[in-house]
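Working notes, structure below.
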Amino acid sequence: MAPCVRHTFYGVSVTRAASFATLDVVARTLRVELTAARARRGGAAPRVLDVGGGSGTWAVPLAADGCEVTVVDSSANALAVLRSRARESGVAAGVRAVQGDVDALADAVGDTEADLVLGHGLLEYVDDPAEACRAIARAAAPGGAVSLLVAGRFAAVLSRVVAGRLTEARQVLVDPCGRWGEGDPLRRRMDVEEIRTLVEAGGQLAVERVQGHRVLADLVPDGVLEHGGPSPDALAELEDVAAGTPPLRDMASKLHVLARRPD
Ligand SMILES: C[S@@+](CC[C@H](N)C(=O)[O-])C[C@H]1O[C@@H](n2cnc3c(N)ncnc32)[C@H](O)[C@@H]1O
């Protein structure tokens with residue numbers, strides 16, 4: 001039986017590579033993609049470029065899963081944490097950290113051809129999300145995949161209502177960028193159609209899937225999975241279905257896009 005979601009993946013217990021793939025719908029999607037990439041490359045390690053990869057939430061488990069990962073991030077501090085995390089997890093050789101901006105991605109990594117390019121939690125912060133998507137697409141090898149995670153607009157509405165912040169909830173709903181006000185640390189949130197349109201607008205990527213990330217997992221009360229309640233596998237199976245089922249999908253706190261650069 002797989003261990004509990006809440007305490008493993010986000011704790012990045014990378015020595016347990018299996019949990020990376022089993023406990024999270026995005027991780028499972030990436031695992032399938034990387035298995036195919038490995039086969040295309042005759043068994044060689046898949047090349048992953050993690051743009052805005054930060055301190056390695058995704059990069060370190062992916063390196064533990066046998067990928068060659070390059071992280072590009074504008075923050076020197078985040079990269080320092082990444083390097084130390086990678087060292088502690090015994091995967092330093094599989095993780096390259098490069099300080100750079102998505103706006104100048106080619107300057108940071110040259111003419112990369114990655115089997116998988118991640119932009120997780122990045123589009124919410126950049127100046128020009130369309131240009132960021134184009135740069136990410138250019139870094140993918142022909143036939144390679146792009147994985148994007150963005151903050152969902154509707155989940156933010158619900159979380160503000162639950163907190164009693166009704167004015168902010170309304171603002172997230174009506175604001176063109178899905179922001180609750182001037183103090184909002186995110187520059188944008190999106191719904192399914194907005195992210196799909198953005199990714200396809202550059203003409204370099206075809207969206208294969210849009211799914212919700214952690215649609216229901218965070219609603220399970222603390223302790224339920226640990227103390228003889230439903231098994232974490234049951235939660236993973238439920239999450240798998242909910243991730244692709246509107247309107248549940250549309251209300252996820254993060255929306256995941258898997259897109260591909262044509263051969
Ligand atoms: C919310 S964190 C996401 C980190 C990681 N991808 C994850 O999913 O946990 C956003 C990261 O994007 C980086 N970032 C923001 N703007 C950037 C830019 N224009 N170019 C490259 N990295 C950027 C930040 O430094 C930060 O590490």
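Across region 54-124, the mean sequence separation of Cα contacts (distance under 8 Å, 6 or more residues apart), normalised by length, yields a relative contact order of 32 percent. In whole angstrom, how far apart do the alpha carbon centroids of region 103-160 and region 228-256 sit? Measuring centre to centre over Cα atoms gives 23 Å. Computed 3J(HN,Hα) for region 223-237, one whole-Hz value per residue from the Karplus formula 6.51 cos²θ - 1.76 cosθ + 1.60 where θ = phi - 60°, is x, 4, 6, 7, 10, x, x, x, 6, x, 5, 5, 5, 4, 5, glycine and proline marked x. For region 56-73, backbone phi angles converted through the Karplus equation (6.51, -1.76, 1.60; θ = phi - 60°) give residue-by-residue couplings of x, 3, 9, 5, 5, x, 5, 5, 5, 8, x, 8, 8, 10, 10, 9, 10, 8 Hz, Gly and Pro being listed as x. The 3J(HN,Hα) values that the Karplus relation (6.51, -1.76, 1.60; θ = phi - 60°) gives for region 135-146 are, in residue order, 5, 4, 5, 5, 7, 7, 5, x, x, x, 10, 10 Hz. Gly and Pro appear as x. Here the relative contact order of region 163-263, from alpha carbon pairs under 8 Å that lie six or more residues apart, stands at 32 percent.
For the peptides 62-69, 199-206, residues were scored by their other Cβ atoms within 10 Å and the scores averaged per peptide; the highest-first order is 62-69, 199-206. Taking Cβ atoms as reference points and 9 Å as the exclusive limit, the residues near residue 146 contribute a net charge of +2, counting Lys and Arg as +1 and Asp and Glu as -1. In this structure, the amide hydrogen of residue 117, modeled 1.01 Å from its nitrogen in the peptide plane, lies closer than 5 angstrom to those of 49, 145, 146, 147, counting only residues at least 5 positions away or on a different chain. Antiparallel beta bridges, as assigned by DSSP with both residues in the chain, represent about 40 percent of the total such bridges.
Only helices enter this figure: runs of n ≥ 4 DSSP H residues, each worth -39500 (n - 2.57), summed and divided by the residues of the chain, yield -11000 deg cm²/dmol at 222 nm to the nearest 500. Entry note, the chain: relative contact order of 19 percent, from Cα contacts under 8 Å with a spacing of 6+ residues.
How large a share of the accessible area of the chain, in percent, is made up of carbon and sulfur atoms when the probe is 1.4 Å and the other protein chains stay in place? Mind dumping the intermediate values first?
Details: 6350 of 11830 Å².
Carbon and sulfur: 54 percent of the exposed surface of the chain.
Using 0.36 nm per residue and subtracting the Cα-Cα separation, the extra length available between residue 138 and residue 103 on full extension is 11.4 nm.
Taking every protein chain into account, the accessible area of the chain amounts to 45 square angstrom per residue (probe 1.4 Å). Packing, taken as the mean count of other beta carbons within 10 Å per residue, orders the peptides 46-55, 122-131 from highest to lowest as 46-55, 122-131.
The values are calculated or read from the model by the stated rules, or taken from the named source; none is laboratory data. What you see is a predicted model, and the numbers here were worked out from it, not measured in a lab. Note that we place each Cβ from the backbone using ideal geometry, even for glycine, and neighbour counts take in every protein chain shown. Only protein heavy atoms, including side chains, enter the accessible area calculation; ligands, DNA and RNA are left aside. Shrake-Rupley method; radii C 1.70, N 1.55, O 1.52, S 1.80 Å.
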